[in-house]
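Everything below concerns the one structure shown next.
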2 protein chains.
Amino acid sequence: MLLNDRKLKILEAIITDYIENAEPIGSRTIAKKYNLGISPATIRNEMSDLEELGLIEQPHTSAGRIPSDKGYRLYVDNMMRSRELTGEETEFLKNAISFNVGQIDYIMQQTARALAMLTNYTTVITEPTSKKTVLKKIQLVSLDEQSVVAVIITEDKTVKNTVIRSTDVPEGDRLTKINARINSVITGVELEAIDKDNVARLLTDFPENRAFVTEVLKVAFKTVKSSENLRLYTSGAKNLLGFPEFSDIEKAKGIFRALDEKDLLITVLGDDNDSRDSVKIQIGDENNMEELKNCSIVKANYKVGNSSFGRIGIIGPTRMNYSQTVSVLSSIIRRINHIMADMEDGDNDE
Amino acid sequence: MLLNDRKLKILEAIITDYIENAEPIGSRTIAKKYNLGISPATIRNEMSDLEELGLIEQPHTSAGRIPSDKGYRLYVDNMMRSRELTGEETEFLKNAISFNVGQIDYIMQQTARALAMLTNYTTVITEPTSKKTVLKKIQLVSLDEQSVVAVIITEDKTVKNTVIRSTDVPEGDRLTKINARINSVITGVELEAIDKDNVARLLTDFPENRAFVTEVLKVAFKTVKSSENLRLYTSGAKNLLGFPEFSDIEKAKGIFRALDEKDLLITVLGDDNDSRDSVKIQIGDENNMEELKNCSIVKANYKVGNSSFGRIGIIGPTRMNYSQTVSVLSSIIRRINHIMADMEDGDNDE
DNA sequence: GTTAGCACTCTAAATAGTTGAGTGCTAACT
DNA sequence: AGTTAGCACTCAACTATTTAGAGTGCTAAC
């Protein structure tokens, strides 16, 4: 069956209308609202074909039609016009995100909030990770007799601090010395490629602080590598409650349960380290998650440095405003990449 | 009208039953389920009195009675038996919170999660703040040519880091020197009482890094003082969706909106720096927040050091299980205070 | 003071009737 | 051959209407 221009126009009308009103739409309404120059009867015939093609469906006889996942897919892939941000949107983003804070977790938090507010959907952001993580520096700061703060800084400018407690915590100059030695072993090398012999020598060089040094190394690895404590920034979960498709409390619970499951979210956001800043869309069932089958996800990777990626996903109902969401997200991604590249620029100072 | 023993027994039956079933309860059911040795008719008479006293109310004629806020208040103040934690609960808490991590924000996050899971309500925790904040140390770690990480450590062991960007960032030894001078001015003194002259001298001593030093001081103040970026740990908001009182999506939305408002939550948790580890309860309307009028809050302060307090609040429907919640919360508070005191012990090393 | 009995009230659930939006089909029209 | 008016048909959603039952308050007897 041929998908002629008229069919496409009708499909588009159904989709844009449903995105706006969340109500099934019938032939008569289409004829009245969208001037396609054909009668309701003709539209009915075409709709019948569209349904046969699986692009739209009927909740029940005597209801209008709504787009199917497949219909959205066609729309998103072939028909959707990318649109510019409005002045207001640009303005909002500019005010909402103060990039000069310079600290990744703040930026991420702000970005999540801004996207959630602007789109009125839910935003999830994962902090940047990298297959090959290179430590830039560890700074040990004495806290008290038994504890030290380890500030761990990676090449991609992530800063994390962890308190280390040990009975053999070194003090004063000795701490500085050990610190320097640890850095000399660990710095600028991929974590996987750290020289075992160097580590061994490090440990024998400071026999009285063996436990402490081991602990520092352990913590450094754990902090950097573990996806278990991969940070996740979520914002605007409650927005979803406003959509009629989730006014059934059971559905709402299902989604909130899903949004609480870090692992699930990470899976959904995917882990392809695609360096192009392309925006990807998963519609309804395509993500294979029962709880999210009424949701779509618009997602993209942002880049920090050369090998480090984080992910941003915007989650809304399947009838979400793809056009707006895509343009907002890609605009944000461009901004972030730009900023992160800037931060990277001052990076060759050692 | 006298509140004799029998009336109290009936009130208690109504409250415990309603807490469990969320359904109005009538005289016949009370007579059957709770062996008070009196007939439904007598119970009816007593209930009529209880209603007149404002302790219970009727959703409509021909429905049973439910407790009023005032009724809960009487129950909570005078009748509720404190109960021990069950073995399981103790076990759960022990496993859920690994205090040896030693870092306050992890502990808080874990605590919030644990409380939310154990009680099935929503938990909100504010990080510790102190009226008089004393800085313990600032450690500046060079990041690149234009930026430095400032790790700010307060006397109560809160560790925060902020990236500072400036065009006159000092390098190497000079950074260390400036760092030491800043510490000598700022350390161990209440923020409000820092010697202005010292600061002035500090600035003139390093004229080339004026902007940088100013920025460091500004950031230090801001990080420590601002309640604007007071951290808030929330967990289990979605739990509330499970309760029939919030199955109306509008009510659910209202509460979620409230839970998203940091300022409101901070107000609700209160700011009395009561040092006793007493648990306080706000029932329904008592908190004067329209959005939370169907909720109760069980809250308490935890203590870090001598002058620093944080707050934990557990938010549930007014018919929440006060007895369990109070015992769980006070047990947690004891644990935290204990741990935080431990962390404090190693503190007199300088 | 307590309780059985009973008339009364009012919600919640079940049932039936009505409306209207929307369809698919047929036959007539370009 | 494609388009459209006309019409019978379907079905959710709304509105009464009825029924059932849980619970009350009152009265009179115990």
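The values are calculated or read from the model by the stated rules, or taken from the named source; none is laboratory data. All figures in this text were calculated on a predicted structure; none of them were measured in a lab. Cβ atoms come from the backbone with ideal geometry, glycine included; neighbour counts cover every protein chain shown. For accessibility, only protein heavy atoms count, side chains too; no ligands or nucleic acids. Shrake-Rupley method; radii C 1.70, N 1.55, O 1.52, S 1.80 Å.
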Exercise for the section: Give me the angle, in degrees from 0 to 90, between the Cα long axis of helix A:104-119 and the longest principal axis of the Cα atoms of chain A, rounded to the nearest 10. Expected result: 10 degrees
Exercise for the section: Provide the descending list of Cα extents for chain A along its principal axes, expressed in whole angstroms. Expected result: 89, 40, 35
Problem - Solvent-accessible area buried by A and B, counting both chains, probe 1.4 angstrom, square angstrom - result: 3600 Å²
Practice task
Note the angle between two axes, namely the Cα long axis of helix B:87-96 and the longest principal axis of the Cα atoms of chain B, as a number of degrees from 0 to 90, rounded to the nearest 10.
Solution key: 20 degrees
Practice task
Quickly estimate the mean residue ellipticity at 222 nm for the protein assembly as shown, helices only: each DSSP H run with n ≥ 4 gives -39500 (n - 2.57), and the total goes over all residues, rounded to 500.
Solution key: -14000 deg cm²/dmol
Problem - GNM flexibility winner over chain B from B:Asp49, B:Asp205, B:Asp17 (Cα, springs under 10 Å) - result: B:Asp205
Fill in the blank from the handout: Partner shielding of A:254-263, as the mean number of partner chain Cβ atoms within 10 Å, equals 2
Problem - Peptide ranges B:116-128, B:61-73, B:181-193 listed from the most packed, as the mean C-beta count within 10 angstrom indicates - result: B:116-128, B:61-73, B:181-193
Completion exercise
Once A:Leu36, A:Leu11 are ranked on solvent-accessible area with the largest value leading and a 1.4 Å probe, the list reads A:Leu36, A:Leu11
Exercise for the section: Assign one of three labels to the stretch A:135-225, namely rounded, prolate or oblate, based on the Cα gyration tensor with a ≥ b ≥ c the square roots of its eigenvalues; rounded applies when a/c is under 1.5, prolate when it is not and a/b is larger than b/c, and oblate otherwise. Expected result: oblate
Fill in the blank from the handout: The answer for chain A, accessible area per residue at 1.4 Å probe in Å², is 46 Å²
Practice task
State whether the protein assembly as shown is rounded, prolate or oblate according to the following rule on the C-alpha gyration tensor (a ≥ b ≥ c being the square roots of its eigenvalues): a/c under 1.5 gives rounded; otherwise a/b larger than b/c gives prolate, and the remaining case gives oblate.
Solution key: oblate
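Output the Kirkwood hydrodynamic radius of the stretch A:39-193, Cα pairs only, in Å rounded to one decimal.
For the stretch A:39-193, inverting the mean 1/r across all distinct Cα pairs yields 21.5 Å.
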Practice task
List every residue whose amide H lies under 5 Å from the amide H of A:Phe206, counting only residues 5 or more places away in sequence or on a different chain, with H placed 1.01 Å from N in the peptide plane.
Solution key: none
Problem - Shielding by partners, peptide B:135-144 (average Cβ within 10 angstrom, other chains) - result: 5
Practice task
On a 0 to 90° scale, report how tilted helix A:196-205 is relative to the longest principal axis of chain A, with both axes built from alpha carbons and the result rounded to the nearest 10.
Solution key: 40 degrees
Handout entry: Portion, in percent, of the accessible area of the protein assembly as shown that falls on carbon or sulfur, probe 1.4 Å
Key = 47 percent
Exercise for the section: Heavy atoms only, probe 1.4 angstrom, no DNA, RNA or ligands counted: give me A:Glu23, B:Glu215 ranked by accessible area, highest first. Expected result: A:Glu23, B:Glu215
Completion exercise
P(r) of the stretch B:1-124 over all Cα-Cα pairs, 5 Å bins starting at 0, rounded to whole percent, reads 2, 10, 17, 17, 13, 9, 9, 9, 7, 5, 3, 1, 0
Practice task
Arrange the peptides A:321-327, B:75-81 so that the one whose residues have, on average, the most other Cβ atoms within 10 Å appears first.
Solution key: A:321-327, B:75-81
Fill in the blank from the handout: Non-local residues with an amide H under 5 Å from the amide H of B:Leu143, with H modelled 1.01 Å from N and Pro and chain starts lacking one, are B:Val148, B:Val149
Exercise for the section: Pop the C-beta distance of B:Phe92 and B:Glu20 into the FRET formula with R0 = 22 Å and round what comes out to the nearest 0.05. Expected result: 0.55
